[in-house]
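Everything below concerns the one structure shown next.
The values are calculated or read from the model by the stated rules, or taken from the named source; none is laboratory data. Computed from a prediction, not measured in an experiment: that's the story for all the values here. All Cβ positions, even for glycine, are placed from backbone atoms using ideal geometry, and neighbour counts span all protein chains on display.
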Amino acid sequence: MIEKEKNQNDIIDQELLNSFGIDYIFNSKPINRFKNKPTIENINSRLNNLKEKVKNINNCDLKNNAKQIVFNDGNSNSPVMIVGEGPGQKEDELGKPFVGEAGQLLNKMLNAINIKRENIYITNVVNYRPPNNRKPEPAEINRYSEFLREHISIIDPKILILMGSTAMEALFGSKIKISKERGTWKELIINNKTFLTMITFHPAYLLRQADQKKYSWADLKEIRKKIDELKFKI
Ligand code: URA
């Protein structure tokens, strides 16, 4: 009885197959439907290519006035990626993002939720210091957002944190307000891939507006909660 049922349910009818006159070869190995995780060498080589692409940008007021490119810092294999606005004076001098006063506050904010800065990945919307630390122009944000989207695809973070309105505008457009959008999880889609994203205030803004730190703290706790929920190590 069991044998009969088995035969009835068997989708491979040998007689039917033979009537097609085709030699089928069956593989007993399962199909790997999941893309292999890229190696760290692969990620770093794609990052280098992207960095070269940014370095070759033409007619850019930011590049023309900056000392050097400020591309990234941290662990390129991290599940957490932070995007700021653009380099300031100190970052321009040292070639690393978030090493000035705002960077000091960022380190404290991360420590407060038990994250070491070296375990996450950090970049900015624009990779050259805007003259006199001005906010990047909408056209500049737009131009660099192509690079940023590729940057996010390469790092492929489980959690993306956008700090400040420039990072928010680069990826979600300029029609929204950070005061309304911060603090809730959003889905950012890049090349058919969805990235879990949190918009929050920029540390430089918090240095000017200390009364806003309470909102930032709420966002940080939400980020910690999500990391614990998703159970990844950081
Ligand atoms: N502010 C930013 O947005 N990025 C930096 O790297 C430094 C300050």
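Taken as a whole, the condition of being over 14 Å from the mean Cα position of the chain (by Cα), within 16 Å of the ligand (Cβ to nearest atom) and part of a helix (DSSP H, G or I) does not apply to residue 220. When each of 135, 233, 175 is tested for being within 16 Å of the ligand (Cβ to nearest atom), surrounded by fewer than 21 Cβ atoms within 10 Å (Cβ to Cβ) and part of a loop (DSSP other than H, G, I, E, B), the lone residue that passes is 135. When we screen 187, 150, 146, 137 for residues that are over 30 Å from residue 42 (Cβ atoms) and of a type in the set (D, E, K, R), the only hit is 137.
Just for the range 101-125: of the residues that are assigned to a loop (DSSP other than H, G, I, E, B) and buried (at least 18 other Cβ atoms within 10 Å of the Cβ), which one is farthest from the ligand (Cβ to nearest atom)?
The first filter runs over the range 101-125 and keeps only residues assigned to a loop (DSSP other than H, G, I, E, B), leaving 113-116, 120, 125.
Filter again for buried (at least 18 other Cβ atoms within 10 Å of the Cβ), leaving 115, 120, 125.
Details: 115: 17, 120: 14, 125: 8 Å.
The qualifying residue farthest from the ligand (Cβ to nearest atom) is 115.
Any chance you could count how many residues in the range 80-98 are more than 7 Å from the ligand (Cβ to nearest atom) and in a loop (DSSP other than H, G, I, E, B)? I'd like the intermediate steps shown before the answer.
Step one: list which residues in the range 80-98 are more than 7 Å from the ligand (Cβ to nearest atom), which gives 80-83, 89-90, 92-96.
Next, from what is left, pick out any that are in a loop (DSSP other than H, G, I, E, B): 95-96.
Result for the range 80-98: 2.
Looking only at the range 78-98, count how many residues are touching a residue at least 40 places away in the same chain (Cβ under 8 Å) and under 16 Å from the mean Cα position of the chain (by Cα). Going through the range 78-98 one residue at a time, the tally reaches 9.
Among the residues of the range 198-212, how many are crowded, with 16+ Cβ neighbours inside 10 Å, out of contact with any Lys or Arg (no Cβ under 7 Å at 6 or more places or on another chain) and outside any loop (DSSP other than H, G, I, E, B)?
The number of residues fulfilling the criteria is 4.
Of everything listed in (1) free of Cβ contacts under 8 Å to residues at least 60 places away in the same chain; (2) of a type outside the set (Asp, Glu); (3) farther than 12 Å from residue 147 by Cα; (4) out of contact with any strand residue (DSSP E or B) (no Cβ under 7 Å at 6 or more places or on another chain), the single unmet condition for residue 49 is (3). What are the pairs with Cβ atoms under 6 angstrom where one residue, in the range 208-225, is among the charged types (D, E, K, R) and the other, located anywhere, is part of a helix (DSSP H, G or I) and modelled with pLDDT of 95 or more? Sequence gap at least six, or different chains. Matching pairs, first to second residue: 213/206.
If the condition is being within 16 Å of the ligand (Cβ to nearest atom) and among the charged types (D, E, K, R), then the range 44-62 contributes only 51.
When you look at residue 195, is it among the aromatic types (Phe, Trp, Tyr), assigned to a helix (DSSP H, G or I), surrounded by 16 or more Cβ atoms within 10 Å (Cβ to Cβ) and under 15 Å from the mean Cα position of the chain (by Cα), yes or no? So residue 195 fails the test. When residue 37 is tested against (1) surrounded by 15 or more Cβ atoms within 10 Å (Cβ to Cβ); (2) away from the ligand (no atom under 12 Å from the Cβ); (3) under 17 Å from the mean Cα position of the chain (by Cα); (4) of a type in the set (D, E, K, R), just one condition goes unmet, and that condition is (1).
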